[in-house]
Amino acid sequence: MDEILTLKNITKKYPIKKGENVLALSDFSFDFNENRLYFILGKSGSGKSTLINIIAGLDKPTSGEIFLDDKNITDFKDFNIDNYRNTFIGFIFQEYNLLSDLSVKENIALALQLQGKKILESEILEVLDKVNIKDLINRKINELSGGQKQRVAIARALIKKPRIIIADEPTGSLDKETSIQIFDILKELSKDHLVIAVSHNEDLAVRYAGEIIKLENGKISSIDIHSKTLYIDKENDRSIINSQMPFLTSFKIGFSYLKIKFSKLIITILLSVMAFTCLGIAITANDYDITQIIINSYVANGYKENLTIYELEETSDNYWNSKCFSLNDINKINEDLNANFKGVYKQINLNSQNFLNIPTLDYKGTYDTTLLLNLSGLISLNKAEFEELGYSIYGNYPTSNNEIAIPYLYYETYKKYGYIDSEISLTPNEITIESLIGKTIKIGFNDLTISGIIDTKLNMEEFSTLKYYNNNDTELNRLYYLYNSIVSYNYHSVGFMLDCASTFTGSANSDNAIYQFIFDDLPNNKNSVSMIVKYFNQKNTVNNKYYFNNSLNTKIDGLDSNLNFYKNIAFYSGLILLLFSTLLLFSFINNSISNKEKEMGIFKALGARSKDVFMIFSCEGIYISIINFILSSVICSILINYFNNSFNYSYLINFDIYNFNFWKIIILFLIIILSTFIAILIPIIKISRKSPIQTINNK
Ligand code: ADP
Ligand code: MG
């Protein structure tokens, strides 16, 4: 005997939630021969479907063994049961289980694709010819009659060139005449296939069957052999198809198979893009850092500003007082930073034009904002230290304690307004560098003689537009802040003396905190600036803080508290949004995959491997999350850009506060991918625990 399929002691018990297990097949043994038509008859519930599902590899027996060509297929792992179905089985359902949106051709082509084979039109025509519907090749499934659909289903089974064709009540939904035509086809196929068909129609079975197996309560009640087997000499290909579907193919099938409910998809994408956009903004707003902002402002201004630092101390509630540095403090800072900070002495009030002997100002026309009217402090430098700076001097560097050298900017002020003291008065026209040298200015109660005028190499060219300064012009306003930062509290605005401390209060003992602020040249690379800014910001405590006198100076507290406010909102809303957007994406994808459980089962019945089926159905989720990621990162960067612009406008700054950079995009990407991944994985794990037939029957 040339049996190909042997069932030995197959038992199938279905576990049910309550009560005893259902015994659907009990100790079933049978040999199926090649090239014969078997009919399985029996009352409803007698175990017919259970039997052929097990034979088709759509379900596993509880115990017992199945042999195909003497190979035990029940020994196989799941992976191999996929290959078994793929290679040997063509399955025909009562309800056809065709994809009704696709054409006849596409349905059959799909079976080929799921096997990882090339689509050949000639092959498709060949199988359609076998079932006599060659001319329907381009019809849509929902344009066919029941009988025609079942022919398509048979053709779809045949295209795989299976050795075994299994049909579960293939004519159950058809009228008698059509049923006869279908059985004619099955009979014809049994010439070179093993065909096993379940039927409830005993008359037809008797007419067509090679053998009839009657079942009762999961056991064989009788076997009728009706005709001798027609043996046809034919070598069957017995090699197992172990096709790997390329990733791209599963994506392509997935794409063509996208049965998108458009409105639901649009709403989901819209909502989740909104949520993910807000999440991106929250992540960005949460990542602000005042230290970074100070650094960025120095960089954005082209390292033109000086590094001028105050120390403030909270003396009473919310009242901040300037705290002075001692020589020791400055030495320590210079040592820590390998810097050259200089302390500026400023114990008396210098903020009066009277001390500088400038005549009462007469504002004629536009006020010239580029002029300085008071010294911002006094600095003690000896000649060697001065020369190190590389500045040039008209006249002489001070040689005694009652001499002072003033920066060039003050010369320009005198040039504009003139000079006056108890003995002499010079009009603007009479002011020259030579005329100023030897004149006196008053600091406190001391008269100091101007020994020279120092060119501090300040390029005033770029601030020349400030002469037309207008409060409403944002760009001039920004420039004004920058100019003020550049010329106040540094070399351009202090008086140079040999020893200013002894002039006013005695000696500059290293323990005396007599320097009101310190300054140094700003390094012109971001790393060094970062290091310095971080150094001082780390020294900040609750009631003590180091304050950078830069162009942000007057705005920084407002900016800081504003950004902090947004940061707090961003943090909490970010957490909520994270939950919301993840859940939204998760529920949509999870739902969409769960809804396709039946299709997954059908694809597996057609011979697709579990892995490929999951790939095909993960597609939608992956597409959605990619669209989601692209849209939300684009919208996010547009919005962040908008926020930055409005910050720039209202705080007169020329750099971005928020930075939606590479890492934030990556974080967003990971969150989206992770929630997609979990959303895909959970239903797939749930589904993969079930047998294919369970998923098909799961409506
Ligand atoms: P038939 O196809 O002959 O009508 P089935 O093989 O479908 O019969 O069913 C055989 C027995 O197993 C029936 O009693 C049925 O109720 C039971 N059965 C079938 N499938 C399941 C299942 N998934 N869970 C529980 N019981 C089942
Ligand atoms: Mg049944």
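The values are calculated or read from the model by the stated rules, or taken from the named source; none is laboratory data. Because the structure is a prediction, the values reported are computed rather than measured. Ideal geometry is used to build each Cβ from the backbone, glycine not excepted, and the neighbour counts take in all protein chains shown.
Couple of notes before you dig in:
- So R151, is it farther than 19 Å from H200 by Cβ, out of contact with any strand residue (DSSP E or B) (no Cβ under 7 Å at 6 or more places or on another chain) and surrounded by 16 or more Cβ atoms within 10 Å (Cβ to Cβ): yes
- Selection within the range 494-503 - crowded, with 24+ Cβ neighbours inside 10 Å and either in contact with a Phe, Trp or Tyr (Cβ under 8 Å, 6 or more places away or on another chain) or farther than 17 Å from F341 by Cα (or both): F496, C500
- Looking across the range 186-201, the residues that are crowded, with 20+ Cβ neighbours inside 10 Å and more than 15 Å from ligand 2 (Cβ to nearest atom) come down to L186, L189, S190, H193, L194, V195.
- Hey, I119 surrounded by fewer than 19 Cβ atoms within 10 Å (Cβ to Cβ) and closer than 25 Å to I240 by Cα or not: yes
- Within the range 171-205, the residues that satisfy the criterion of being in a loop (DSSP other than H, G, I, E, B), closer than 18 Å to G42 by Cβ and out of contact with any helix residue (DSSP H, G or I) (no Cβ under 6 Å at 6 or more places or on another chain) are G172, H200, N201.
- Selection count where residues are in a loop (DSSP other than H, G, I, E, B) and over 46 Å from the mean Cα position of the chain (by Cα), scope the range 285-330: 1
- Looking across the range 138-152 at every residue that is in contact with a helix residue (DSSP H, G or I) (Cβ under 8 Å, 6 or more places away or on another chain) and in a helix (DSSP H, G or I), the one that is farthest from V127 (Cα to Cα) is identified as G146.
- Residues (among the polar types (S, T, N, Q) and in a helix (DSSP H, G or I)) located in the range 592-630: S592, S594, S610, S618, S625, N628
- Matching residues, the range 307-319, being over 28 Å from P523 (Cβ atoms), of a type outside the set (S, T, N, Q) and at pLDDT 85 or above: E314, Y319
- Among residues of the range 88-112 that are outside any loop (DSSP other than H, G, I, E, B), those with a Cβ under 6 angstrom from a residue that is within 16 Å of ligand 2 (Cβ to nearest atom) and not hydroxyl-bearing (S, T, Y), sequence gap 6+ or separate chain, pair up as I89/A56; F91/A56; F91/I166; F91/A605; I92/A167; I92/P170.
- Only one of the listed residues (I281, I266, I253) is outside any loop (DSSP other than H, G, I, E, B), of a type in the set (A, V, I, L, M) and modelled with pLDDT of 90 or more. That residue is I281.
- Among the residues making up the range 158-173, those that are more than 16 Å from ligand 2 (Cβ to nearest atom) and either at positive phi or at pLDDT 90 or above (or both) are L158, I159, K161, P162, R163, I164, I165.
- Checking L114, L110, L68 one by one, the residue that is more than 16 Å from ligand 2 (Cβ to nearest atom) and modelled with pLDDT under 85 is L114 and no other.
- Condition check for I212: of a type in the set (V, I, T), at pLDDT below 95 and within 16 Å of ligand 1 (Cβ to nearest atom): yes
- Any hit, the range 537-552, residues being part of a helix (DSSP H, G or I) and of a type in the set (G, A, S): no
- All positions within the range 202-218 that are away from ligand 2 (no atom under 16 Å from the Cβ) and touching a residue at least 40 places away in the same chain (Cβ under 8 Å): Y208, A209, G210, E211, I212
- Verdict on N21 being of a type in the set (S, T, N, Q), within 28 Å of D612 (Cα to Cα), surrounded by fewer than 15 Cβ atoms within 10 Å (Cβ to Cβ) and without any contact (Cβ under 8 Å) to a residue 24 or more places away in the chain: no
- Matching entry among S221, S179, S173 (being closer than 19 Å to Q94 by Cβ, touching a residue at least 60 places away in the same chain (Cβ under 8 Å) and polar (S, T, N, Q)): S173
- Meets criteria (away from ligand 2 (no atom under 16 Å from the Cβ), buried (at least 20 other Cβ atoms within 10 Å of the Cβ) and more than 30 Å from I294 (Cβ to Cβ)) for I673: no
- F88 vs. criteria within 28 Å of E202 (Cα to Cα) and either surrounded by fewer than 16 Cβ atoms within 10 Å (Cβ to Cβ) or within 16 Å of ligand 2 (Cβ to nearest atom) (or both): no
- Residue check: G452 meets all listed conditions (1) surrounded by fewer than 19 Cβ atoms within 10 Å (Cβ to Cβ); (2) touching a Gly at 6+ places or on another chain (Cβ under 6 Å) but one, namely (1).
- Qualifying residues in the range 384-431 (those that are part of a helix (DSSP H, G or I) and among the charged types (D, E, K, R)) - the one modelled with the highest pLDDT: E430
- Residue satisfying condition, being out of contact with any Ser or Thr (no Cβ under 8 Å at 6 or more places or on another chain), hydroxyl-bearing (S, T, Y) and surrounded by 22 or more Cβ atoms within 10 Å (Cβ to Cβ), within set S625, S592: S592
- Any hit, the range 180-188, residues being within 16 Å of ligand 1 (Cβ to nearest atom) and among the basic types (K, R): no
- Considering the range 534-571, the residues that are of a type in the set (A, V, I, L, M, F, W, C) and more than 31 Å from the chain's Cα centre (by Cα) include one that is surrounded by the fewest Cβ atoms within 10 Å (Cβ to Cβ), namely V542.
- Some residue of the range 40-55 being in contact (Cβ under 8 Å) with a residue 60 or more places away in the chain and more than 16 Å from ligand 2 (Cβ to nearest atom): no
- Among residues of the range 193-208, those that are modelled with pLDDT under 90 and out of contact with any Ser or Thr (no Cβ under 8 Å at 6 or more places or on another chain), counted: 5
- Strands (runs of 3 or more DSSP E) within the range 1-55 that include 3 or more residues more than 15 Å from ligand 1 (Cβ to nearest atom) and at pLDDT 90 or above: 3-14, 22-33
- Of all the residues in the range 155-170, those that are away from ligand 1 (no atom under 16 Å from the Cβ) and either in a loop (DSSP other than H, G, I, E, B) or within 18 Å of I55 (Cα to Cα) (or both) number 9.
- Whether a residue is out of contact with any helix residue (DSSP H, G or I) (no Cβ under 7 Å at 6 or more places or on another chain), part of a helix (DSSP H, G or I) and either under 17 Å from L668 (Cα atoms) or modelled with pLDDT of 90 or more (or both) was assessed, and F647 passes this test.
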